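K.L.:
Right, I'll just put the structure down here and ask away after.
Read-outs throughout are calculated quantities, based only on the coordinates presented, and are distinct from any laboratory measurement. Note that the coordinates shown come from a computational prediction; the quantities given were computed from them, not determined experimentally. Every residue, glycine among them, receives a Cβ derived from its backbone with ideal geometry; neighbour counts consider all protein chains shown.
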Amino acid sequence: MNHLILAPVILPAILAPLIVLAMRHEITLQRVFSVAGSAALVVIAFLLFGQAETGQIQVYEMGNWPAPFGIVLVLDRLSALMVMMTSILGLGVALYAMGSGWDARGKHFHALFQFQVMGINGAFLTGDAFNLFVFFEILLIASYGLMIHAGGRMRLRAGVQYVVYNLAGSALFLFALGTIYGVTGTLNMADLAMRVAALPEGDGALLRVGAVLLLIVFAVKAAVVPIHFWLPNTYTHAPAPVAALFAIMTKVGAYAILRMYTLVFGPDMPAIGTLAGDWLLPAAVVTVTLGMLGVLGSKHLGRLVSFSVIGSMGTLFLAIGIFTPEATAAALYYMIHSTFAAAVLFLIADLVVARRGAAGADVVAAPPIAQNGLIAALFFGAAIAMTGLPPLSGFIGKLLILDAAREGAQMVVIFAAILITSLIAVVGFARAGTTVFWKAYAVEGTSTPAPAQELPLVVTGALLSTMALLVALAGPVTGYLEATSAQLYERELYIEAVMPPVNAEGMPIPQSGTPEGEGPLPPDGPQTALPDGAEPGTVPGAYDNEGAQ
Amino acid sequence: MSLVLIAALPFIGALFPGLMIRAGRNACAMMTGSFTLLALILLLIEAPAVLQGEVIRNQISWIPSLGLHANFFLDGLGLLFAGMILGIGLLVILYARFYLYKTDPMGQFYTYLMLFQGAMVGIVLSDNILLLLIFWELTSLSSFLLIGYWKHLPEGRQGARMALAVTGGGGLALIGGMLLLGGIVGSYDMTVILQSRDVIQASPWYLPALLLILLGCFTKSAQFPFHFWLPHAMAAPTPVSAYLHSATMVKAGLFLMARLWPVLAGTDAWFYIVGITGLITMVLGAVIALFKDDLKALLAFSTVSHLGLITMLLGFGTAEAAVVAVFHIINHATFKAALFMTAGIVDHEAHTRDIKRLGGLRHLMPITFTIATIAALSMAGIPLLNGFLSKEMMLEEAAHTDIWVGIFATLGALFSVAYSFRFIAHTFLGPKRDDYPGHPHDPGFGLWAAPAFLAVLVVIIGILPQTVVGALVAATSGAVIQAELPYYSLQLWHGVTPALFMSIIAVVGGVLVLMSFRRMEGVWNALPRPEAKTIFDWIVEGIAGASRRLTDALHDGAISRYLMIFAATAVITGVVSFMGGTHAAGTHQLLPAGPMAIIGLLLLTVASLGVVLFHRNRLLSLVIISVNGLVISLGFVYLSAPDLALTQLTVEVVTIILLLLALNFLPKETPRESTMGRKWRDGIVSVAAGIAVGGLAYALMARDLAFQSISQFHLDQSYPGGGGTNVVNVILVDFRGYDTFGEIIVLGIAALAIYALTQTLLHGRASRRLMEIGKGIKRDGDRHPLMLVVATRVMMPIAVMVGVYIFLRGHNEPGGGFVAGLVVSIALLMQYMASGFAWAQARQRADYHAIIASGVLIAAATGVGAWFADRPFLTSAFGYFQIPPMDKFELATAMAFDLGVFLAVVGSVMLALASLSRLARRAGETVNDTPMDIDPSKTTEEAR
């Protein structure tokens, strides 16, 4: 039994209440523990990554209840990857928040931060659709707390919209889950996958409704137009380290779509077919267009970055929406990249604001800020990354996507969308950057002296360099991602790993190590949960509900 | 690995200038130059073999799945370009050392320059077209930095952005083209592609690929109609203009056309697109150049013209023309770089580059004059200089191609002569003036050494072409053509050919044009001309403005519209997806509706309508909402779900109380914001959503599951496996305890967030607003009435006892930690409401933060405890115990977990209450230390 799988959830889940309990009046203690916890998470994530790299899918059965009856955590390549991204970004954000003093501008930053990390990791690791909902709630409410950290009129106003919009999304999540449960009678993802494949044809329409509602829920998180409206104001007004952390939040939506629409509602399901792609691809084209136009039209650095996040999500969904192993591998590369690109940009915007005085984040000419050259260089690098120019990973990501999009009818549209919006973004970033960092030299006046903080600069630079690393290591990284993608499309592997083997009578065979007489052994009697004679990995469709007869 | 090193050296060199500048400007320049020199030496070591026709390759595997590898190769074409880039690069580094002003940050300059150099070398050595794309875009980026080097100048910033938009945009088109090309061939290796001519030209994707690739080449090489960015790039310091915008970067497009010439050229499409674009660019550039008064602008347009010339030659698609193109690339690089440098010297010394303010400089700057004259005459195509040779050959090719091409080529040559002569005559000849802005004189050796060297090359290539560059031209042409070289001869005298006559016409005509310059200038200035920059700015500003208006209008913060779109999206996608599937209607019989159900339905409907109607009155709508909650609780009772009913009921009570308290700080009425149209819009969407949800629920309830639901297992296992007869509770604390763990964390976070939020409201503007609100609140005379105080005091122990009871029996009967927590919270809430927060607070010591935290920690610890029995998280254990005289009773770890739930719930509710009461106090509520306002047990005097 590998308790390490639970660590990315339980470590922050224990750390956060400890911080509340014992350290809530002492910011230094909070910082030490929060950063140490984040660092430990990075180590754990690397260990898990190493385990997942073997290709074996590991399952952790909560409460020792077998799937599909209890909740399972599943560690496969994709979830290990997502947890690793979260932990690295989390450590960066914790350090930045500490170095810049953001964490001291309100109450409970570190506790909420740890809860947030817990929520994100839990969403990545769970193998249960309803549990995913629970973790969506955790990350939503924690993100709301973080978003309004330090208060302020605009921030609170944006916060209300954020939480209201996302609660609407949560409500729809319940509708979707209700529909899916109402059709299939289960919520475990692997079980769902088996049942969906064996569903009678007449249930197809309702299943499609459930699937598409779920798609919308995830698309809200992923800020796909036209259900992205919560994002621009939220990200613009959120405290910078929080906005940086939120870069992974949109990816939670993307992850969930990837997971559910390969495993459960995959393209080879007769009732589902290309349902997800059919909705996602056109939406992605609009998303990337609107996002990058927003970049061009923004007069505020934070807003500009927010729109670039929308644009990058559009690009990402152009790749995800294709739903082929190659395109998904490309999407994963771009997902890693765009997470760090967005995070770095938010931090840089904050570095500017911290040195700028009255001009704030407005894209106007103000006297040169302290360390103008250095921060301009950081911005230049991050803008290159976000717009997808070489030599940073955005370029490789876009090449991968374009390369993968070459087959199929959608090629022209995807090529045009990606290339043209890249140009729009380049122009947008160039206009903003030259105004903020170059035009400054044409303005007389003095600026605020540099805050005596080195850490934020170091953190920002380090996060930026991850994107150079992604390029240098592109070979091994794409290799891993291809294996990840292949694992996603080999649904049987996942199903076999999660669903317990059953014996000839259809009873789950107890796992070795489960002692007799304890634990959830199925009772004797007619109400067995699994079908007679079902083999591991076969479909439980053999048994019909008695009521149906 | 020497090729990799050659490509890498400039990048490595880019790391040092920023540091070395601390050791002085000479050290900085020398350090920078040494990297270029080293790369050049490495290149020259390879040169002999390449000139023999060998191709040198270095390959490093990078991204196998994409087909992107760090593959380099060096053939004649690569050698020519790499040699030019590094050679002229070295000269430019030298020149820039003396050109830059003391105030200019030299380290930055050299860094950018070296970045550019590395990118450029990378382009010409790439054996992988994706790798080439990387370097291609890098040149655009470094050029952006170099053009904008003087950050305070608006021209610099605008020129940089324009260049980036045009060349970067072209680069994006090139990406598309290259991917298509690679797709046709099935490989991104240049070597493979170069051998796939037939496949490529037969493919239906040939034309799209060609167009996109040419778009990249034409933008980079400033071909009509994309030529406009180049003159604006002249805002860069002159070394940059000499290097990037005449000798190297703008030739990247030519390079690529030459590189792909074997596979792309030879079709009609290639001939017409490339040939005609080149021809137009050549003539247009030459004509505009003549009328430019800015020396650098004149040279910029002449560069455009010469690039057009070379493009045209490549476009002809014949081997002979390709040889000429190669030869002219060499010649143009030598004389044009020299010319830019002399223009820079003039600017540097005379403090102006405006021809109208210059003239007569030959007396003051004899060395500069000599260099400039040699170079300019070569540009004009005067014999004995290298420009003559290649222009002569170009005219020959043009004459062979078509009579009209010949005529236009001659016209271009004519204007070329005219502007070259003008450059000499109007700058250096004529009378000396006394109104130069500076004091022109020849500069030091350092500044004129580089152009002088190039001028020497111009002459010796002009006189001894075959000896000096014969081998290079042959090797390069061989690489371009990838086949047998045609017959050609690099020599001064080709006999009496059509080209000779065309040349004579051009020279004579050019002189005539210059003589009538004043008149022609008047006509030119009177002509209406589209100003490229104005159009470009208009387009960019137009799109940017439109984007701003669009995004601002869409994201104006109207949450009602956002939600309307959300609901509409859900309904539309849901309905459309439903239509796309097969639906077999459910088979369940409808049950008759009993009176309870009908009453409940009516209540729900009326209450919902009531909220819609009275939503502007916040208190009233809250009251009506609570009706909904109660009906739903009753619904649970009706459907035999006592646990849910209990939970729903208590949740309702707590939330409504907290909401009531929160309403204190909000306006009593919602402002009237919706227009009639908007109400209709929202109404239609909501009705549609309601019908859709109703239909969905009906469809689901009317059918049976195709498979047995997992709930049967829960029913079966609740007692034997979970040790409880209340399935709901066992699900909560055992089967799905992990969900519950998550949910109590949600509650805890919510309370923490409320606390943090209210904390921020106690300072600054929010605080002042609160006090304003406080003044408006009408306070009751008897806020803590006797009856309420007494009643709640009596209720308190009973309620707590009920809570404990519900908690304890939870595992087997309806109840559990969650409900118990809410019941106890309500009991506490009542005390606070009855006697005020301060009074109640003073009578309990526990900190709510601690209660929440310990709740979560207890739950977590219970879960982790299972690890010690080598079970997964939250595995429960239970047993039955007997302590006389009590009955046998059960103890389960799930109870500890439930205790955590209980504490988290109580703590969260109370922390929320505490937070609200802090706000209330800030809003001016007075603190009371007595349980009730009017205490009849005391005398009136005492009470006061």
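K.L.:
Tell me, in nm to one decimal, what length is gained between A:Thr28 and A:Ala370 on full extension, where the rule is 0.36 nm per residue of separation less the Cα-Cα distance?
P.N.:
Contour length minus the Cα-Cα distance gives 120.4 nm.
K.L.:
If you don't mind, there's one more thing I want to ask. Bins of 10 Å, beginning at zero and ending with the bin holding the largest distance: percent of Cα pairs per bin for the range B:496-645, please.
P.N.:
The percentages, shortest bin first, are 8, 12, 16, 16, 9, 7, 7, 8, 5, 8, 5, 0.
K.L.:
Checking the cross-link filter: which aspartates and glutamates have an alpha carbon closer than 19 Å to that of B:Lys292, excluding same-chain neighbours under 8 positions apart?
P.N.:
Partners found: B:Glu155, B:Asp347, B:Asp354, B:Glu521, B:Glu531.
K.L.:
Taking 25 Å as R0, compute the FRET efficiency from the Cβ-Cβ separation of A:Ala104 and A:Ala39 and round it to 0.05.
P.N.:
0.80
K.L.:
Now a separate question. Work through the residues other than B:Ala380 whose Cβ is under 15 Å from its Cβ and net out their charges, Lys, Arg +1 and Asp, Glu -1.
P.N.:
+2
K.L.:
Something else: Just to be sure I follow the definition: excluding the sites themselves, where is the longest run in chain B that has none of the GluC sites (Glu not before Pro) in a DSSP loop with at most 11 other Cβ atoms within 10 Å?
P.N.:
In chain B, the maximal stretch lacking such sites is B:1-483.
K.L.:
A further question follows. Report the semi-axes of the equivalent ellipsoid for the range B:601-699 in whole Å, largest first, where each axis is √(5λ) for an eigenvalue λ of the Cα gyration tensor.
P.N.:
26, 22, 9
K.L.:
To make sure I understand, if each residue's beta carbon is the centre and we count other beta carbons within 10 Å, what order do B:Val611, B:Val794 fall in, fewest to most?
P.N.:
The fewest-first ordering by Cβ neighbours comes to B:Val794, B:Val611.
K.L.:
A further question on this structure: Just subtract the alpha-carbon distance of B:Arg843 and B:Arg918 from 0.36 nm times their residue separation and send over the number in nm, one decimal.
P.N.:
25.3 nm
K.L.:
Turning to a different aspect of this structure: Where in the range B:30-69 does the label zone of B:Ala471 land, with the point 7 angstrom along Cα→C-beta and an amide N cut-off under 17 Å?
P.N.:
B:41-56
K.L.:
May I pose another question? Scattering from the C-alpha atoms of the range B:254-363 alone, worked out with Debye: what is log10 I(q)/I(0) at q = 0.11, 0.18, 0.19, 0.20 1/Å?
P.N.:
These q points yield log10 I(q)/I(0) values of -0.43, -0.85, -0.91, -0.97.
K.L.:
Something else now. Using the count of nearby Cβ atoms within 10 Å as a rough guide to exposure, how do B:Leu454, B:Leu663 rank from fewest to most?
P.N.:
Exposure proxy ranking, most exposed first: B:Leu663, B:Leu454.
K.L.:
7 Å from Cα along Cα→Cβ at both B:Val199 and B:His441: what's the point-to-point distance in nm?
P.N.:
6.6 nm
K.L.:
For a 29 Å ceiling on Cα separation, which of these pairs sit above it: B:Lys220/B:Lys356; B:Lys336/B:Lys533; A:Lys251/A:Lys439?
P.N.:
The pairs that break the limit, which is 29 Å between Cα atoms, are B:Lys220/B:Lys356; A:Lys251/A:Lys439.
K.L.:
In the range B:563-587, whose amide N lies under 17 Å from the spot 7 Å out along Cα-to-Cβ of B:Ile691? List them in ranges.
P.N.:
What the label zone holds, given the 17 Å backbone N cut-off, is B:567-579.
K.L.:
While we're here: Based on Cα positions only, what radius of gyration and what Dmax would you give for the protein assembly as shown, in angstroms?
P.N.:
37.8, 133
K.L.:
Among B:Trp448, B:Trp205, what is the fewest-to-most ranking by other Cβ atoms within 10 Å?
P.N.:
Going from sparsest to densest Cβ surroundings: B:Trp205, B:Trp448.
K.L.:
List the aspartates and glutamates whose alpha-carbon lies under 13 Å from that of B:Lys151, not counting same-chain residues fewer than 8 positions away?
P.N.:
B:Asp104
K.L.:
What full-extension length gain, to one decimal in nm, is calculated for B:Leu550 and B:Ser608 as 0.36 nm per residue of separation minus the Cα-Cα distance?
P.N.:
That pair, B:Leu550 and B:Ser608, stretches by 17.3 nm at full extension.
K.L.:
Which residue, chosen from A:Asn121, A:Val459, A:Val183, occupies the Cα position most advanced towards the positive end of the dipole of the range A:3-497, where the dipole is computed from +1 (Lys, Arg) and -1 (Asp, Glu) charges on Cβ about the Cα centre?
P.N.:
In the range A:3-497, that residue is A:Val459.
K.L.:
Set the Förster distance to 51 Å, then compute FRET efficiency between B:Ala449 and B:Leu207 from the Cβ-Cβ distance, nearest 0.05.
P.N.:
The value I calculate is 0.55.
K.L.:
Taking the Cα of B:Asn617, stepping 7 Å toward and past its beta carbon, and measuring to each backbone N in the range B:667-682: which are under 17 Å?
P.N.:
Residues B:667-672 fall inside that zone.
K.L.:
Tell me which residues come under 5 Å, amide H to amide H, from A:Asp362 once H is placed; ignore anything under 5 positions away on its chain.
P.N.:
Close amide H contacts, sequence-distant or interchain: A:Leu301.
K.L.:
Excluding A:Asp362 itself, what net charge comes from residues whose Cβ is under 11 Å from its Cβ, given Lys and Arg +1 and Asp and Glu -1?
P.N.:
+3
K.L.:
Note down the relative contact order for the range B:560-645 as a percent, whole number, built from C-alpha pairs under 8 angstrom at least six residues apart.
P.N.:
So the answer I get is 19 percent.
K.L.:
Follow-up question, since we're still on this one. The range B:16-83 to the range B:453-503: how many Å between their Cα centroids?
P.N.:
26 Å
K.L.:
Using the Karplus equation 6.51 cos²θ - 1.76 cosθ + 1.60 (θ = phi - 60°), what ³J(HN,Hα) coupling, rounded to whole Hz, does each residue of the range A:126-140 give in order, writing x for Gly and Pro?
P.N.:
6, x, 10, 5, 6, 5, 4, 4, 4, 6, 4, 5, 4, 6, 5
K.L.:
In nanometres, what is the gap between the two model label sites at B:Leu500 and B:Leu639, each 7 Å from Cα along Cα-to-Cβ?
P.N.:
With each label point 7 Å from Cα toward Cβ, the separation is 10.4 nm.
K.L.:
Which one of B:Ile123, B:Ala297, B:Leu639 is farthest out on the positive end of the charge dipole of chain B, using unit charges on Cβ (Lys, Arg +1; Asp, Glu -1) and the Cα centre as origin?
P.N.:
It is B:Ala297.
K.L.:
Give me the one-decimal Kirkwood hydrodynamic radius in Å for chain B, with the sum taken over alpha-carbon pairs.
P.N.:
35.5 Å
K.L.:
If you plug each phi of the range A:182-193 into the Karplus form 6.51 cos²θ - 1.76 cosθ + 1.60 with θ = phi - 60°, what whole-Hz ³J(HN,Hα) values come out, in order, with x for Gly and Pro?
P.N.:
Calculated HN-Hα couplings, in order: x, 8, 9, x, 8, 10, 5, 5, 5, 5, 4, 4 Hz.
K.L.:
In whole angstrom, how far apart do the alpha carbon centroids of the range B:754-820 and the range B:204-257 sit?
P.N.:
So the two Cα centres are separated by 72 Å.
K.L.:
Could you check the simple spin-label distance between A:Ala416 and B:Leu762, using points 7 Å along Cα→Cβ, in nm with one decimal?
P.N.:
5.9 nm
K.L.:
On to the next question. Quote the relative contact order of chain B in percent (integer), defining contacts as alpha-carbon pairs under 8 Å separated by 6+ residues.
P.N.:
8 percent
K.L.:
Strictly greater than 17 Å: what percent of every Cα pair in the range A:249-373 meets that?
P.N.:
Taking all Cα-Cα pairs of the range A:249-373, the fraction more than 17 Å apart is 62 percent.
K.L.:
May I ask you to derive the FRET efficiency for B:Ile883 and B:Gln589 from their Cβ-Cβ distance with R0 = 45 Å, giving the value to the nearest 0.05?
P.N.:
0.25
K.L.:
Then there's this: Other chains near A:464-477: what is the mean number of their Cβ atoms within 10 Å of each residue's Cβ?
P.N.:
2
K.L.:
Within a Cβ distance under 15 Å of A:Leu6, other residues only, what is the Lys/Arg minus Asp/Glu net charge?
P.N.:
-3
K.L.:
For chain B, what does the helix formula give at 222 nm: sum of -39500 (n - 2.57) over DSSP H segments with n ≥ 4, over the residue count, nearest 500 deg cm²/dmol?
P.N.:
Dividing the helical sum by the residues of chain B leaves -23500 deg cm²/dmol.
K.L.:
If you don't mind, another one. Students often forget the sequence filter, so: which lysines lie under 22 Å Cα-Cα from B:Lys778 once same-chain residues fewer than 8 apart are removed?
P.N.:
Cα-Cα hits under 22 Å: B:Lys668.
K.L.:
Return the whole-Å distance between the Cα centroid of the range B:351-423 and the Cα centroid of the range B:532-546.
P.N.:
35 Å
K.L.:
Could you work out the mean count of beta carbons from other protein chains within 10 Å of each residue's beta carbon in B:59-69?
P.N.:
Across the residues of B:59-69, the mean count of other-chain Cβ atoms within 10 Å is 6.
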